[in-house]
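**Q** Have a look at the structure that comes next, please.
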């Protein structure tokens, strides 16, 4: 006679081991092995054993190398083609360089990394799949648009904190030319950009997580939901993503029972100047004023006066390189003790846009603390 899982005791585990919750809410499996419940609130996790960020890197393009963070990037390429003959290969090469640098900074070989979580903006994640193929690391391909850095860090942290890997890596990238080619207009078209538009960052950020060894650790995450306010202007990414950023930040504060002042900085990924204003207004409606602690990676990465990027920077690489070059060094030095890092993404495609659909947003929050 076959016994189905539905017929088993609801707290019984597969594999012949019984599982139960003790009076403290901890699952106990097999020979006294305990599984601490780390869920908090509606959408968050507070890690019992917070994984450390033990290595990171930032690789940037020529325009980014002319901006305020130039001295902080690990590698700036004077040719945005990175020696390749097309934009897509250029982005893959950029990713490959970023991961090699992150591994070097962590003192690890690729064979020591059990899982790699990565993605980009291109169709079928071709920048990541071609960029990472020669490293021979098991890969989870992700698409969260420009929030992919937060998604990758969240999943890598869960893998390490849950004991599924000693070391896990997260990587993402974007490239101005490959993104324009896929989502907007060929560069030779010379279209005029509206003032609300952001400039896609050419850059790649990579991160290595381990159980110990770094001066920054991920203590919690808040996974975002898809939020759609019906915005259809694909060139106004800030307006599309700000509602999702508001939703995730608000939920993080609720789930962890915190105030904005409990963070040294609340840092969004790429809302730019337009999206920043909308975010502040939306959170004020919910009773929170974050203006005193908020910064945006898309605002930090370019000089508004000299670089003609209109509302700021965007793209997967925007938050990733800013985290590696600017944010993590301040956390590691203890300048900032606790930061809420919230990469933001606009979930559109050329198909959905051409069909007249709106542009939903999503944001994933990562709590990073000094240790």
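The values are calculated or read from the model by the stated rules, or taken from the named source; none is laboratory data. Remember, predicted model here, so these are calculated numbers, not experimental data. In this analysis, Cβ positions are derived from the backbone assuming ideal geometry, glycine residues included, and neighbour counts consider all displayed protein chains.
**Q** From the list 300, 305, 355, which residue is in contact with a helix residue (DSSP H, G or I) (Cβ under 7 Å, 6 or more places away or on another chain) and surrounded by fewer than 24 Cβ atoms within 10 Å (Cβ to Cβ)? Step through it out loud before you land on a result.
**A** Values: 305 fails: in contact with a helix residue (DSSP H, G or I) (Cβ under 7 Å, 6 or more places away or on another chain); 355 fails: in contact with a helix residue (DSSP H, G or I) (Cβ under 7 Å, 6 or more places away or on another chain).
Every option except 300 fails the conditions.
**Q** Give just the number: which of (1) over 19 Å from residue 248 (Cα atoms); (2) surrounded by 24 or more Cβ atoms within 10 Å (Cβ to Cβ) does residue 329 not satisfy?
**A** (2)
**Q** I would also like to ask the following. Of 130, 109, which residue is surrounded by fewer than 19 Cβ atoms within 10 Å (Cβ to Cβ) and under 27 Å from residue 352 (Cα atoms)?
**A** On the way: 109 fails: under 27 Å from residue 352 (Cα atoms).
Testing whether each residue is surrounded by fewer than 19 Cβ atoms within 10 Å (Cβ to Cβ) and under 27 Å from residue 352 (Cα atoms) leaves just 130.
**Q** A follow-up question, please. When you scan the stretch 166-186, do you find a residue that is modelled with pLDDT of 90 or more, surrounded by fewer than 24 Cβ atoms within 10 Å (Cβ to Cβ) and assigned to a loop (DSSP other than H, G, I, E, B), even just one?
**A** yes
**Q** Please indicate, with yes or no, whether at least one residue in the stretch 201-213 is under 29 Å from residue 53 (Cα atoms) and modelled with pLDDT under 90. Walk me through it before giving the result.
**A** Filtering the stretch 201-213 down to residues under 29 Å from residue 53 (Cα atoms) leaves 201-213.
Among the residues that remain, those that are also modelled with pLDDT under 90 are: 201.
Within the stretch 201-213, one or more residues are under 29 Å from residue 53 (Cα atoms) and modelled with pLDDT under 90.
**Q** Does residue 97 meet the test of being touching a helix residue (DSSP H, G or I) at 6+ places or on another chain (Cβ under 7 Å), outside the structural domain of residue 302 (by TED's automatic domain parsing) and either in a strand (DSSP E or B) or touching a residue at least 40 places away in the same chain (Cβ under 8 Å) (or both)? Give the steps one after another, and end with the answer.
**A** Values: touching a helix residue (DSSP H, G or I) at 6+ places or on another chain (Cβ under 7 Å): no; outside the structural domain of residue 302 (by TED's automatic domain parsing): yes; either in a strand (DSSP E or B) or touching a residue at least 40 places away in the same chain (Cβ under 8 Å) (or both): yes.
Considered against the rule, which asks whether it is touching a helix residue (DSSP H, G or I) at 6+ places or on another chain (Cβ under 7 Å), outside the structural domain of residue 302 (by TED's automatic domain parsing) and either in a strand (DSSP E or B) or touching a residue at least 40 places away in the same chain (Cβ under 8 Å) (or both), residue 97 comes out as no.
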